[in-house]
Amino acid sequence: FFFRAFVGWSVVCLLQQKTHTMMACFRSLLLFLLAAFLVCCLFAKTASAHGDFPTLTPKELYDGMQSGSFDLIIDVRSQAEWDLGRIEGATFVNALNLFGTADEMSSPYDLAGCESCTIVVYCNSGNRAVTAAEILQHAGFTGKIYNGLGITQWQEAGYTLSNTVESVVPHCVANPGQCKMSTAPTFVPTFPPTFEISGGIVLGITTTASAFVVLAMTVFFGVF
């Protein structure tokens, strides 16, 4: 959008017959570019501060569970959702994403003793998992935290759910500070599209906007 607006505005300015009209047009263009630059910087800052947790594909989650790469897998959905089916081996932390709200059902301190452990958080699709991961991080959990997405992706990948197994009591809860495995998984996790957009495309937009600002300022001050 910004690029097309820049090109269109530039063409309009260049078509002006009078020099003073052209310069006024370019001054307006400069203000537009400065505003676009500030918007891009603000968006980049907001994007980088949110959802900054590595995402596991269902296969990576399954393989990591099989190899014991994770200290605990937590399910942060509601009680009703848990009852319908969950990933075997998961620990139920009832609607952790609602912590701090009027509808609070559980607390990150229910996992006291696991602050330095490697944790995977999952929900139905991954959105609530991000919120819950942020809550854990803000509560002082310093271990690696992964977004395990949700049971939707888990089932789409061909893995099954269970509605009979009980919620697992993590080793680190029963033995505070003692994680089953203190190292992070050896595989390289994939990242969600939103992270790639915030880290790559937004950076490109910001850089391009900066170049346009420099170009506009060069033209403006060069004439005057």
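Figure legend. Inter-residue proximity from segment 159-178: first residues part of a loop (DSSP other than H, G, I, E, B), second residues open to solvent by 60 Å² or more (accessible area, probe 1.4 Å) and among the polar types (S, T, N, Q), beta-carbon distance below 8 Å, spacing 6+ or different chains. Indicated pairs: LEU161/GLN155; GLY177/SER116. Can you spot a residue in segment 107-118 that is within 20 Å of the chain's Cα centre (by Cα), of a type in the set (Val, Ile, Thr) and part of a helix (DSSP H, G or I)? No, there is no match, as no residue in segment 107-118 is within 20 Å of the chain's Cα centre (by Cα), of a type in the set (Val, Ile, Thr) and part of a helix (DSSP H, G or I). Within this structure, ASN147 fails the test of being polar (S, T, N, Q) and surrounded by fewer than 21 Cβ atoms within 10 Å (Cβ to Cβ).
Residue check: CYS179 meets all listed conditions (1) open to solvent by less than 70 Å² (accessible area, probe 1.4 Å); (2) of a type outside the set (Lys, Arg); (3) modelled with pLDDT of 95 or more; (4) under 18 Å from GLY64 (Cα atoms) but one, namely (3). Is it true that ASP52 is surrounded by 15 or more Cβ atoms within 10 Å (Cβ to Cβ), modelled with pLDDT under 95 and charged (D, E, K, R)? Spelling it out, ASP52 is indeed surrounded by 15 or more Cβ atoms within 10 Å (Cβ to Cβ), modelled with pLDDT under 95 and charged (D, E, K, R). Against the numbered list (1) free of Cβ contacts under 8 Å to residues at least 40 places away in the same chain; (2) touching a helix residue (DSSP H, G or I) at 6+ places or on another chain (Cβ under 6 Å); (3) open to solvent by less than 60 Å² (accessible area, probe 1.4 Å), LEU98 comes up short only at (2).
The values are calculated or read from the model by the stated rules, or taken from the named source; none is laboratory data. On a predicted model such as this, the values are computed, not experimentally measured, just so you know. We place every Cβ from the backbone using ideal geometry, glycine too, and count neighbours over all the protein chains shown. To get the accessible areas, we keep the full protein, side chains included, count just its heavy atoms, and leave off ligands, DNA and RNA. Shrake-Rupley method; radii C 1.70, N 1.55, O 1.52, S 1.80 Å.
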